[in-house]
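Since the structure comes first, as structure tokens, the remarks are kept for the end.
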Amino acid sequence: MKVGLISDTHIPEAMPELWPHVFEQFKGTQCILHGGDIYDFSVLDRLEKIAPVYAARGNGEDGSGGRKVQPKDERVRDVWLLNLEGFAIGLTH
């Protein structure tokens, strides 16, 4: 199983959108894990076109630094415990 792992994308503060090579590297993945500080959930929409996305909610999604609080989203939790082909994977920010 190929799993994509990314974190702290800080979009759009760091840059307008993810680098194109992120999407190239994630081709063929069965799922993508995002470790939080997404900032804008449009990042998850783009990643989800490649594979299912599981994301940890970071402080950047909860209004820290005066940022917009991101809405509830089924792809985003404080903590995930996933079973990926027999491996227990924990994901949090």
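The values are calculated or read from the model by the stated rules, or taken from the named source; none is laboratory data. Because the structure is a prediction, the values reported are computed rather than measured. Ligands, DNA and RNA are excluded from the accessible area calculation, which covers all protein heavy atoms including side chains. Shrake-Rupley method; radii C 1.70, N 1.55, O 1.52, S 1.80 Å.
Amide H neighbours of V53 under 5 Å, counting only residues 5+ apart in sequence or on other chains, H built in-plane at 1.01 Å?
Counting only residues 5 or more places away or on other chains, the set is I32.
Would you mind calculating the relative contact order of the chain from Cα pairs under 8 angstrom and at least 6 residues apart, reporting the percent as a whole number?
This gives 25 percent for the chain.
For the range 15-64, what is the relative contact order in percent, using Cα pairs closer than 8 Å and at least 6 residues apart in sequence?
Value for the range 15-64: 41 percent.
For the chain, count the residues as N, evaluate 2.2 N^0.38 Å, and divide the Cα radius of gyration by that value, please.
Ratio of Cα Rg to 2.2 N^0.38 Å: 1.04.
Using the Karplus curve 6.51 cos²θ - 1.76 cosθ + 1.60 with θ = phi - 60°, what ³J(HN,Hα) values do you get for each residue of the range 76-89, in whole Hz, with x for Gly and Pro?
My calculation for the range 76-89 gives 10, 9, 5, 9, 10, 10, 10, 10, 10, 6, x, 9, 8, 10 Hz in order.
What list of ³J(HN,Hα) couplings, whole Hz, do you get for the range 18-27 from phi and the Karplus terms 6.51, -1.76, 1.60, once you set θ to phi - 60° and write x for glycine and proline?
Values, residue by residue: 5, 4, x, 5, 4, 5, 5, 5, 8, 4 Hz.
If I ignore ligands, DNA and RNA and count only protein heavy atoms, how much of I11 is accessible to a 1.4 Å probe, in Å² to the nearest 10?
Surface accessible to solvent at I11 totals approximately 10 Å².
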